[in-house]
Amino acid sequence: MDLNVAVLGATGAVGMELLSLLEGGALPVAGLRCFASERSAGTSVPFRGGTVPVENAERADFAGIDVAFFSAGAERSRRYGPRAAAAGAVVIDNSSAFRMDPDVPLVVPEINAEALAGHRGIVANPNCTTIVALMAVAPLHREAGARSLRVASYQAASGAGARAMAELKEQTSAILAGRPAKAAVFPSPLAFNVIPHIGHFLPDGSTEEERKLRDESRKILSLPGLSVSAICVRVPVLRSHCVACWLGTERPLSAARAREVLAAAEGVKVVDDPGALAYPMPVLATGEGPVIVGRIRVDEADGAGVSFFVAGDQLLKGAALNAVQIAEALLARGLFPRPAGPEHGRGSSGGH
Ligand SMILES: NC(=O)c1ccc[n+]([C@@H]2O[C@H](COP(=O)([O-])OP(=O)(O)OC[C@H]3O[C@@H](n4cnc5c(N)ncnc54)[C@H](OP(=O)(O)O)[C@@H]3O)[C@@H](O)[C@H]2O)c1
């Protein structure tokens, strides 16, 4: 089945990655429509040797769209998502708007594609750091049972969008030229610095990003009681997030077996040869689909467990690629067009 595809947020960091995956033949695209804010309306984006006009999302009519990729922020997803779903599209949403809605599947296809069955028009793409970490955690959980998860993240500037990447470059040039670095997107200058602050602070002292990592991990792994604790940190890297993980397991797991399990896992590449200076780093993960895992060793600080380091391109597996894989999984399961039943934007589940 060829698909009529819409991309909302087509001019952004994630939107541009989506377009390049579609251009590379990721899905059978019959037609493409691109949407962004009124700032970009009237411009165009290159696609397959031609151009596609960028339309103002405010005036969007989603009739005839089979799949709509949303990456324009949670507010826009809440505003336009139910509208697109009511028009018959399946919305694959990169924002946090619907992730914890019990009626919305939150899916990493290699981990929980079965959650797609019975979707009601909106499928959520998880938080990028959560995806990168869980790509390694989930296979180890299947092998030895996850009991607790502690993580420290090292998140790239592009996780905050296209303007954030530009800001890091500008700050770096300014400091190298002896000028003061100005911060507008980040809470403080990021160049030559690290910032332990991603998303707003919550009353318990954690940040939104740390809360997402906990809540979304529990939902994706179907482990509502999993003990998860996170410290999320922005680092002056342009692209690809890293996550240090300490996974407590129900059953003992040797480093050799953990390496074997990860090497066999879909979407995971093991790079773990410290003697040869081979370990995961953002420069290795950038532009790659699979996440890279290394520094794998037994960690018995809290009973049985393993620790490891993961690097993943958060614009690809953490966002655009995972979204495209969700569409592919829907297609493979015959879930286009949508199954009959209540829909977001119509009937009882409206009001998101
Ligand atoms: N960056 C990542 O690594 C990452 C990973 C996972 C999920 N996400 C999520 O994906 C979404 C997009 O992130 P991004 O990094 O691509 O951000 P970005 O580079 O800042 O791009 C934002 C996009 O949204 C559009 N937009 C902004 N305001 C709009 C409005 N009022 N109406 C319609 N479109 C509007 C922008 O269009 P204009 O060009 O017209 O302003 C642009 O296309 C966010 O929800 C983010 O949380 C991002």
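Any read-out appearing in this document is the output of simple, stated calculations on the displayed coordinates, not a laboratory observation. Note that the coordinates shown come from a computational prediction; the quantities given were computed from them, not determined experimentally. Please note: Cβ atoms are built from the backbone with ideal geometry, for glycine as well, and neighbour counts cover all protein chains shown.
What the table shows:
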read-out	value
Pairs where the first residue, in region 26-44, is aliphatic (A, V, I, L, M) and the second is near the ligand (Cβ under 7 Å from one of its atoms) and part of a strand (DSSP E or B), C-beta under 9 Å, 6+ apart	Ala36/Leu8; Ala41/Phe35
Any pair with Cβ under 9 angstrom, 6 or more apart, that starts in region 132-154 at a residue that is on the phi > 0 side of the Ramachandran plot and ends at one that is of a type in the set (S, T, N, Q) and assigned to a strand (DSSP E or B)	Gly145/Thr249
Candidate set: region 196-220, residues that are closer than 22 Å to Met281 by Cβ and in contact (Cβ under 8 Å) with a residue 40 or more places away in the chain; chosen: the one farthest from the chain's Cα centre (by Cα)	Ile198
When residues of region 77-96 are limited to those that are buried (at least 24 other Cβ atoms within 10 Å of the Cβ) and in a loop (DSSP other than H, G, I, E, B), the one farthest from the ligand (Cβ to nearest atom)	Ala89
Verdict on Glu55 being over 30 Å from Val271 (Cα atoms), more than 18 Å from the chain's Cα centre (by Cα) and not in a loop (DSSP other than H, G, I, E, B)	yes
Boolean, Leu223 is touching a residue at least 12 places away in the same chain (Cβ under 8 Å) and under 26 Å from Ala115 (Cβ atoms)	yes
Residue among Ala68, Ala41, Ala57, Ala13 that is surrounded by fewer than 18 Cβ atoms within 10 Å (Cβ to Cβ) and in contact with a helix residue (DSSP H, G or I) (Cβ under 9 Å, 6 or more places away or on another chain)	Ala41
Answer residue from region 173-190, given it is within 24 Å of the chain's Cα centre (by Cα) and of a type in the set (A, V, I, L, M, F, W, C) and is surrounded by the most Cβ atoms within 10 Å (Cβ to Cβ) among those	Leu190
Set Val306, Val293, Val310: member being within 23 Å of Glu250 (Cβ to Cβ), surrounded by 24 or more Cβ atoms within 10 Å (Cβ to Cβ) and within 16 Å of the ligand (Cβ to nearest atom)	Val310
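Let's see how each residue does on (1) within 12 Å of the ligand (Cβ to nearest atom); (2) over 30 Å from Pro280 (Cα atoms):
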| position | (1), (2) |
| --- | --- |
| Ala63 | no, yes |
| Glu75 | yes, yes |
| Val107 | no, no |
| Cys128 | yes, no |
